[in-house]
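What follows is a set of notes on a single structure, which appears directly below.
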Amino acid sequence: MKKMNITQRMYESGALAIVRVETFERACEIAEGCIKGGIPVMEMSFTLNNAADIIDGLSKKYGDNLCVGAGTVLDSETARYAILKGAKFIIAPTYCPEVAKICNRYQIPYAPGCTSVTEAVNALSMGAAFIKAFPISDFYGPKLAKVFKTPIPDMPILASGGVNLDNLSKWLENGVDICGFGGLLTKGSSDEIAENAAKIRKIITEYRSKNN
């Protein structure tokens with residue numbers, strides 16, 4: 001039930017913070033803002049060597065109040081290391097079958113980056129929980145989710161790149177399930193992050209209440 005429960009929690013949040021920070025202290029400030037604002041899901045990017053230690057620290061400090069996972073995971077070795085350090089989900093800019101296998105083995109949601117329907121279907125067939133529309137979300141914009149979901153309506157989409165407060169509603173209308181945010185949920189004070197998170201939360205909640 002672990003994978004299903006985490007996937008459901010990510011979907012219910014509807015958004016996540018894409019975090020690249022060098023210190024645990026700053027990660028905590030971001031986490032507290034996200035939790036306070038109603039978006040308690042964070043992706044710690046493995047573009048930084050201390051990502052695993054930050055995931056470990058956040059998991060221990062916030063427990064069930066925060067769902068923290070690993071991002072920019074390119075291989076199975078990194079995926080397993082992140083999972084053992086407490087990552088609740090794995091996100092990547094690419095699709096790797098070996099990472100998919102590791103995530104299934106440990107019952108962890110996997111969201112690989114896919115740029116074609118063929119690649120996305122292959123990832124789903126290997127157990128991907130979400131398809132990360134990246135980097136093409138920056139190019140296509142909100143219509144991207146509809147492009148994927150027209151032939152495959154049940155494909156779960158995580159949009160990363162190009163999503164902001166002004167166009168979030170359009171992304172939702174076109175079928176995106178989760179949106180990743182960088183600056184809105186990672187810059188400024190905890191209170192400023194909480195304010196932005198609350199705005200995002202409000203847009204998602206209002207859309208889903210009207211359309212689900």
> Looking only at region 78-101, which residues are open to solvent by less than 10 Å² (accessible area, probe 1.4 Å) and not small (G, A, S)?
Replying inline: F89, I90, I91, V99
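Please go through region 102-118 and give me each residue that is outside any loop (DSSP other than H, G, I, E, B), over 15 Å from K85 (Cα atoms) and of a type outside the set (G, A, S), ordered by number. Outline the logic, then answer.
Keep residues of region 102-118 that are outside any loop (DSSP other than H, G, I, E, B), which gives 102-106, 110-111, 113-114, 117-118.
From what is left, the residues that are over 15 Å from K85 (Cα atoms) are 104-105, 110-111, 113-114, 117-118.
Correct list: N104, R105, Y110, C114, V117, T118.
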> Which number in (1) within 17 Å of F148 (Cβ to Cβ); (2) open to solvent by less than 20 Å² (accessible area, probe 1.4 Å) marks the one condition that S125 misses?
Replying inline: (2)
> Is region 91-101 home to any residue that is hydrophobic (A, V, I, L, M, F, W, C), in a helix (DSSP H, G or I) and either at pLDDT 95 or above or out of contact with any His (no Cβ under 9 Å at 6 or more places or on another chain) (or both)?
Replying inline: yes
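Could you check region 2-25 and list, in sequence order, the residues that are open to solvent by 60 Å² or more (accessible area, probe 1.4 Å) and more than 18 Å from A128 (Cβ to Cβ)?
The answer is E12, R20, E22, T23, F24, E25.
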>> One residue is enough: does region 102-121 have a residue meeting the conditions under 13 Å from the mean Cα position of the chain (by Cα), open to solvent by 30 Å² or more (accessible area, probe 1.4 Å), under 25 Å from I35 (Cβ atoms) and in contact (Cβ under 8 Å) with a residue 60 or more places away in the chain?
In response: no
> Conditions: (1) over 15 Å from I91 (Cβ atoms); (2) open to solvent by less than 50 Å² (accessible area, probe 1.4 Å); (3) among the aliphatic types (A, V, I, L, M). I157 meets all but one. Number of the miss?
Replying inline: (1)
>> Can you tell me which residue is most open to solvent (accessible area, probe 1.4 Å) among those in region 26-77 that are charged (D, E, K, R) and not in a helix (DSSP H, G or I)?
In response: D75
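The values are calculated or read from the model by the stated rules, or taken from the named source; none is laboratory data. None of these values were measured; they are calculated from a predicted model. Every residue, glycine as well, gets a Cβ built from its backbone with ideal geometry; the counts of neighbours run over all protein chains shown. In case anyone asks, the SASA skips ligands and DNA or RNA and just uses the protein heavy atoms, side chains included. Shrake-Rupley method; radii C 1.70, N 1.55, O 1.52, S 1.80 Å.
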